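Engineer: Let me begin by handing over the structure; questions about it come next.
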Amino acid sequence: MERRDRSLKALNELVYIDSLDSFAKADALVNWYDNYLGEDSIENFQLEIEELKKLEELFFKNINFLKIHKEETRIELLNTQKMKRFLKH
C-alpha cells in the first residue's frame, strides 16, 4: 500500500506542477524528478492503467515543455551576455 500511496502522490504532484507558470514549473519538475525518480525507478510505481496513461501524457507534455524552456532560457542568456558586452564597451 505504501508504494501505491507514493505513486498516487507523485502523480498528483505532477498534475499540480503542470498548472504552474514557466520558471516555477521547470524548478518543480526538477524537484519532482529528484524526489521520485532520482534514486528509484518508474517501474516501482504502482498505478492503475488510467493513472499510467495520465502519467505518460504528463511525461511527454513536460518533456516537450522542458525542451522549449531550455531553448528559451538559452536565448535569454545569450541576449543577456550580448547586453553585458555592449554595456562594457
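The values are calculated or read from the model by the stated rules, or taken from the named source; none is laboratory data. Computed from a prediction, not measured in an experiment: that's the story for all the values here. Cβ atoms come from the backbone with ideal geometry, glycine included; neighbour counts cover every protein chain shown. All accessible areas refer to the heavy atoms of the entire protein, side chains included, with ligands and DNA or RNA removed. Shrake-Rupley method; radii C 1.70, N 1.55, O 1.52, S 1.80 Å.
Engineer: Before I look further, what does the chain give for accessible area per residue, probe 1.4 Å, in whole square angstrom?
Structural biologist: Numbers: 7010 Å² over 89 residues.
In whole numbers, the chain has 79 Å² accessible per residue.
Engineer: On to the next question. Once phi is turned into ³J(HN,Hα) by the Karplus curve 6.51 cos²θ - 1.76 cosθ + 1.60 with θ = phi - 60°, what whole-Hz value does each residue of the stretch 75-89 show in order, with x for glycine and proline?
Structural biologist: 5, 4, 5, 4, 5, 5, 5, 4, 5, 5, 5, 4, 5, 6, 9
Engineer: Over the chain, what percent of the accessible surface lies on carbon and sulfur atoms, probe 1.4 Å? Before the final figure, lay out the partial values.
Structural biologist: Numbers: 3950 of 7010 Å².
Carbon with sulfur: 56 percent of the solvent-accessible area.
Engineer: Can you find, among Leu11, Asn44, Thr73, the residue farthest towards the positive end of the dipole of the chain? Put +1 on the C-beta of Lys and Arg, -1 on that of Asp and Glu.
Structural biologist: So the residue furthest toward the plus end is Thr73.
Engineer: What are the aspartates and glutamates whose alpha-carbon lies under 19 Å from the alpha-carbon of Lys54, with same-chain residues fewer than 8 places away excluded?
Structural biologist: Qualifying aspartates and glutamates at Cα under 19 Å: Asp5, Glu13, Asp18, Glu43.
Engineer: Something else about it: Rounding to the nearest 10 and keeping the result within 0 to 90°, find how far the Cα-based axis of helix 22-36 lies from the longest principal axis of the chain.
Structural biologist: Tilt relative to the chain: about 40 degrees.
Engineer: Mind sorting out which of (i) 17, 58, 23, 2; (ii) 15, 40, 23, 12, 7, 3, 0; (iii) 16, 51, 26, 6, 1 is the real P(r) over Cα pairs in 10 Å bins from 0, in percent computed from the coordinates?
Structural biologist: From the options (i) 17, 58, 23, 2; (ii) 15, 40, 23, 12, 7, 3, 0; (iii) 16, 51, 26, 6, 1, the structure gives (ii).
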